[in-house]
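Here's the structure we're looking at; comments come further down.
The values are calculated or read from the model by the stated rules, or taken from the named source; none is laboratory data. Values in this document were obtained by computation on a predicted structure and should not be read as measured data. Methodologically, a virtual Cβ is constructed for each residue, glycine included, from the backbone with ideal geometry; neighbour enumeration extends over all protein chains shown. Remember, those area values only see protein heavy atoms, side chains included, never the ligands or the DNA or RNA. Shrake-Rupley method; radii C 1.70, N 1.55, O 1.52, S 1.80 Å.
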Amino acid sequence: MKKAIALILSILIITFCSCGKEKRPNYVAYEASLYDGLDGGHHSVDVPLWMAEKYSTSENNLAPETAEIEFNGKTYTGNYLYSTSQAPATYVSHKYRSDEASFAINASTNELTEIMFVGNSSYTSSLSAEECRQIAETLAKSYIDISEYRAEENIGDFLYSVTYFREIDGYKTSDQLAISVNYSGEIFSFSRTNLGSFADISEIQYDNEKIDTAIHKKILEIYRDENKHIGYNINSVVLIRFDDGSIAFLFEITNKFFDGNTESSSPVCLLVAEENVHIPQ
């Protein structure tokens with residue numbers, strides 16, 4: 001009996017230790033669509049979804065010639081312009097234009113993703129920023145529970161703008177809604193990106209050290225002349241959640257160069273995901 005108990009305890013200890021030492025996956029960095037083609041780097045867009053060439057031929061733009069959308073109580077009908085997908089969006093958008101506005105719809109769901117009104121940027125100031133804030137907030141409430149989002153404001157000379165975004169573990173996510181209002185009280189622009197994609201997420205698991213390693217490796221692949229490339233700074237990080245539920249980090253990075261007596265800089269955008277994650281095609 002004692003031997004049996006000892007054997008069971010040994011198995012439990014080994015199992016517990018194995019679980020405790022379980023290794024988390026490594027990360028891979030992919031170059032996204034933002035880069036400077038004149039900075040001497042070996043660039044390539046590694047995320048097929050965000051390749052401009054993907055939407056440059058008619059066979060890839062299987063969109064209706066016209067589209068009708070409803071926004072803020074009014075209906076708009078537009079003619080098709082082109083299709084695209086840009087980081088951090090995880091879907092393709094079809095772009096349209098009417099006499100009053102240009103707008104985009106999600107190619108898969110036909111939902112409105114953005115709209116901008118032609119000539120709706122009045123230079124007259126009849127309303128205060130606070131009044132514009134209330135207009136934007138009223139519109140936002142018809143799409144989101146604003147108590148679940150943080151608000152980032154920009155009070156300009158001609159427009160009041162606000163972006164609502166979910167924040168997870170201190171990171172901004174691509175679950176966003178943006179509104180601009182002119183000081184005559186008119187909506188100038190509206191956009192939503194991956195709205196609701198982080199609704200059921202309160203925290204994430206990640207390994208900062210492995211993420212940093214993946215970034216550094218990719219930077220060295222892009223900028224192979226280490227004599228000129230003298231470092232880089234991370235400007236911003238946005239969390240993206242793909243359709244399969246996997247989460248990735250989108251980094252905007254400024255690279256620094258020194259050539260003789262001249263210092264210069266160049267941006268690059270990297271998507272960092274666990275190595276087993278399927279990158280959207």
*asked:* Out of the chymotrypsin sites (Phe, Trp or Tyr not before Pro) in segment 69-126, which ones are loop residues according to DSSP with at most 13 other C-beta atoms within 10 Å?
replied: TYR123
*Where only protein heavy atoms count, and the probe is 1.4 Å, what is the accessible area per residue for the chain in Å²?*
57
*So, in nm, how far is label ILE201 from label SER264 when the simple model puts each one 7 Å beyond its Cα toward the Cβ?*
3.6
*Tilt of helix 129-140 relative to the longest C-alpha principal axis of the chain, in degrees (0 to 90, nearest 10)?*
70
_Cα long-axis angle, helix 208-222 against the chain (0 to 90 degrees, to the nearest 10)_ = 70
*Which value, in debye to the nearest 20, describes the size of the charge dipole of segment 176-218 about its Cα centre when Lys and Arg Cβ atoms bear +1, Asp and Glu Cβ atoms bear -1, and nothing else is charged?*
220
*Specify the residue with the greatest mean-square fluctuation among THR262, THR113, THR138, computed from a Gaussian network of the chain linking alpha-carbon atoms under 10 Å apart.*
THR262
*Translational D (Stokes-Einstein, µm²/s) of segment 101-255 at 37 °C and 0.692 mPa s when Rh comes from the Kirkwood sum over C-alpha pairs?*
183
*the chain - mean residue ellipticity at 222 nm from DSSP helices (-39,500 (n - 2.57) per run, n ≥ 4, rounded to 500)*: -5500 deg cm²/dmol
*Considering only DSSP beta bridges whose two residues both sit in the chain, what percent are antiparallel, to the nearest 5?*
95
*Say each of ILE230 and ILE168 gets a label point 7 Å from the Cα, pointing the same way as Cα to Cβ; how far apart are those two points in nm?*
3.8
*With axes computed from alpha carbons, what is the tilt in degrees of helix 2-20 against the longest principal axis of the chain, rounded to the nearest 10 within 0 to 90?*
40
*Hey, how much of the P(r) for segment 203-260 falls beyond 20 Å, as a percent of Cα pairs?*
37
*asked:* Using DSSP to call loops (not H, G, I, E or B), can you name the GluC sites (Glu not before Pro) in segment 51-119 whose Cβ has at most 14 other Cβ atoms within 10 angstrom?
replied: GLU65, GLU111
*asked:* Tell me the Kirkwood radius of the chain: reciprocal of the mean inverse pair distance over distinct alpha-carbon atoms, in Å.
replied: 21.9
_Whole-Å distance, taken between Cα centres, linking segment 130-158 and segment 211-281_ = 32
*Filter on LYS217/LYS256; LYS172/LYS217; LYS54/LYS228; LYS218/LYS256; LYS210/LYS256 - keep pairs with C-alpha separation over 21 Å*: LYS172/LYS217; LYS54/LYS228; LYS210/LYS256
*Once the Cβ-Cβ distance between GLN134 and ILE155 is put in as r, and R0 is 22 Å, what FRET efficiency do you end up with, to the nearest 0.05?*
0.95
*Where the only charges are on Cβ atoms (+1 Lys, Arg; -1 Asp, Glu), what is the dipole of the chain about its Cα centre, to the nearest 20 debye?*
1080
*Taking all protein chains as present, what is the carbon and sulfur share of the accessible area of the chain, in % to the nearest whole number, probe 1.4 Å?*
49
*Spacing of the two label points (7 Å from each Cα toward its C-beta) at PHE71 and SER147, in nm*: 2.9
*Cα-derived Rg to Rh of segment 161-215, Kirkwood definition*: 1.17
*Principal axis lengths of segment 61-146 from Cα atoms, whole Å, largest first?*
44, 30, 24
